[in-house]
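In what follows, a structure is listed as C-alpha cells, so that the remarks can point back to it.
Throughout, read-outs are computed from the coordinates displayed, never taken from laboratory work. All values reported here derive from a predicted model rather than from experimental measurement. Methodologically, a virtual Cβ is constructed for each residue, glycine included, from the backbone with ideal geometry; neighbour enumeration extends over all protein chains shown.
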C-alpha cells in the first residue's frame with residue numbers, strides 16, 4: 001500500500017499534461033494512516049483466501065502528520081449559527097463524527113485532518129444537522145437605481161481612456177510567489193509555492209507580462225490592468241482590499257506622464273507632482289501624485305526604457321469632478337509673458353509652478369514650464385527653468401502695469417521660497 005504527497009503529484013501532473021483518475025484522487029489528499037491499515041487488510045485476505053504465509057513487512061515512510069487539535073466553544077457555535085443548540089448535543093454530534101474531546105479542544109480524525117482545521121469548521125459540522133432550523137432570510141444587497149454608481153463610472157472611464165491611448169487590458173493572478181511587503185497575507189494551503197501570497201501591488205505582475213510579450217516579439221507593448229490588491233491590516237483583521245489601475249508601456253518618463261495626465265483630464269481631476277523614490281522605479285525618474293506613483297521602470301528589471309504607473313482607483317474617484325461645472329468663455333484678451341529663473345538642482349519645477357499660482361492668485365490663468373536648461377551659463381548645481389505665464393481677468397482687460405505687478409509678485413515669491421534668481 002502507498003500514499004502519495006498531493007502537492008508534488010499535482011505539480012507533476014500539470015507539468016506532464018497528464019490527468020488520470022489516480023492523479024485526480026491523490027492530489028486531493030488521502031489519509032496517510034490508511035496505508036498501513038490497507039496493507040494489513042490485504043495481507044489478511046491473502047492469508048485467509050489463498051493460503052499464503054505471512055513472513056514480515058517493510059515500512060518506508062516519513063513522519064506522519066499529527067492529528068490537529070481544534071479549539072471549540074459551544075456558546076460560540078450557538079452565536080455563530082443563531083441557533084440554541086445544547087452543549088451536550090454539540091459534543092454528541094462531534095464525537096459521533098469521529099472527533100475526540102480533550103478539554104476545550106477536539107482532536108479530529110485522520111481522515112478529516114485537512115478539512116477540520118479551524119473552530120468554524122467544527123461549527124459547520126454541528127450546524128449541518130440543524131439546517132432545517134436556520135431562519136430563511138433574503139440576501140442583503142444595495143439599492144439599485146438603474147444606473148452606474150460613481151465608482152463604476154470612474155472605472156469605465158479609466159478603462160475607455162487607456163484603451164483609446166492604445167493600451168491593451170490584461171488580467172493577472174491575484175496570487176504571487178513573492179511580494180515586497182513582508183506582511184503580505186500567505187495562504188494556509190496554497191496550490192503551489194508560486195501562488196502563495198495575496199499581492200499588495202499590481203506592477204510586478206504587469207512587468208512580468210510585458211517581459212513575456214517583449215521576448216516573443218509582440219511590439220509595441222502597452223498594457224494595463226484594473227484589479228484588487230490586498231493590504232494587510234494585522235493578524236486579527238481582514239485585509240484592506242483596494243482597486244487599483246496599473247500600466248506599463250515602452251517609452252520613458254515623459255511618455256507615461258503624458259498618459260497619466262490624459263487619464264486625469266478625462267476625469268477632470270487635478271494632481272500635484274513631486275519627486276519620489278520607489279524600489280521598482282528609476283531613482284531619478286519617479287514621481288508621486290495624490291493617487292499613486294508614476295515613473296520610468298528601473299533598468300535592472302527589464303531591458304529597454306519602460307514607463308509605468310499604479311494609481312488607486314478609489315482616490316481617483318474622489319479626485320474626479322463629476323458633474324463638471326461650466327464657466328463662460330472669457331472674452332477679454334489675455335497677456336502672455338515668459339520668465340526664466342535660476343534655481344538649485346534639487347528644486348522641483350512643479351513646486352515653482354505652484355508657488356507662482358499661489359502668488360498671483362486667480363488672475364494667473366496658466367503657468368507652464370516649457371524649458372529647463374543646465375550648463376555653463378547657470379553654473380554647477382543649478383538649472384534654469386523657463387515658465388510661460390498667462391494673465392487674464394473674466395471682468396475686464398488687464399493693463400500692462402497690472403500684468404507687470406503680478407509678474408513681480410511671482411518673481412519675489414520664487415526668490416523668497418527657493419532662492420530663485422531672475423534671468424529673463
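Evaluate the Kirkwood expression for the hydrodynamic radius of the stretch 219-274, namely the inverse of the mean inverse distance over all pairs of different C-alpha atoms, and round to one decimal in Å. Before the final figure, lay out the partial values.
Working: mean 1/r = 0.0724 Å⁻¹.
Answer for the stretch 219-274: a Kirkwood hydrodynamic radius of 13.8 Å.
Angle between the Cα long axis of helix 34-50 and the longest principal axis of the chain, 0 to 90 degrees, nearest 10? In the chain, helix 34-50 runs at an angle near 30 degrees to the longest axis. Label positions at residue 314 and residue 377, each projected 7 Å from the Cα along the C-beta direction, are separated by 5.0 nm. According to the Kirkwood relation over distinct C-alpha pairs, the hydrodynamic radius of the stretch 6-50 is 12.3 Å.
By the Cα gyration tensor, the stretch 69-133 has an equivalent ellipsoid whose semi-axes, rounded to whole angstrom, run 18, 12, 11 from largest to smallest.
Looking at the chain as a GNM with Cα springs under 10 Å, which of 113, 184, 40 has the largest mean-square fluctuation? Sorting by GNM fluctuation, first place goes to 40.
By the beta-carbon count within 10 Å of each Cβ, the least crowded to most crowded order of 192, 331, fewest first, is 331, 192.
Distance from the C-alpha centroid of the stretch 232-285 to that of the stretch 376-424: 31 Å, rounded to the whole angstrom.
Axis of helix 253-266 versus longest Cα principal axis of the chain: the two differ by about 90°, to the nearest ten degrees.
The long axis of helix 150-164 is offset from the longest Cα principal axis of the chain by roughly 70 degrees.
The label-point distance for residue 168 and residue 396, in a model that sets each label 7 Å from Cα toward Cβ, rounds to 6.0 nm. For residue 324 and residue 17, the difference between the fully extended length at 0.36 nm per residue and the C-alpha to C-alpha distance is 105.0 nm.
A compact globular protein would have a Cα radius of gyration near 2.2 N^0.38 Å; the ratio found for the stretch 384-424 is 1.32.
Restricted to Cα atoms, the stretch 150-319 shows a radius of gyration and a Dmax of 15.8, 46 angstrom. With a Förster radius of 41 Å applied to the beta-carbon distance between residue 337 and residue 178, the computed FRET efficiency rounds to 0.20.
What separates the Cα centres of the stretch 286-336 and the stretch 49-112 is a distance of 58 Å.
Within the stretch 333-424, the proportion of C-alpha pairs whose separation exceeds 17 Å stands at 44%.
Spin-label pair residue 60-residue 40: with each label point 7 Å from Cα along the Cα-Cβ axis, the two points sit 2.3 nm from one another. Across all directions, the shadow cast by the convex hull of the stretch 259-399 built on its C-alpha atoms averages 11.3 square nanometres. Scattering from the chain was approximated by placing one identical point on each alpha carbon and applying the Debye formula without solvent; log10 I(q)/I(0) at 0.09, 0.10 1/Å stands at -0.85, -0.95.
For residue 241 and residue 69, FRET efficiency with R0 = 41 Å and r from the beta-carbon atoms, rounded to 0.05? Intermediate results must be reported in sequence, preceding the final value.
Working: r = 32 Å, r/R0 = 0.79.
Computed FRET efficiency for residue 69 and residue 241: 0.80.
Dividing the summed -39500 (n - 2.57) terms of all DSSP H runs of n ≥ 4 by the residue count of the chain sets its mean residue ellipticity at 222 nm at -10500 deg cm²/dmol.
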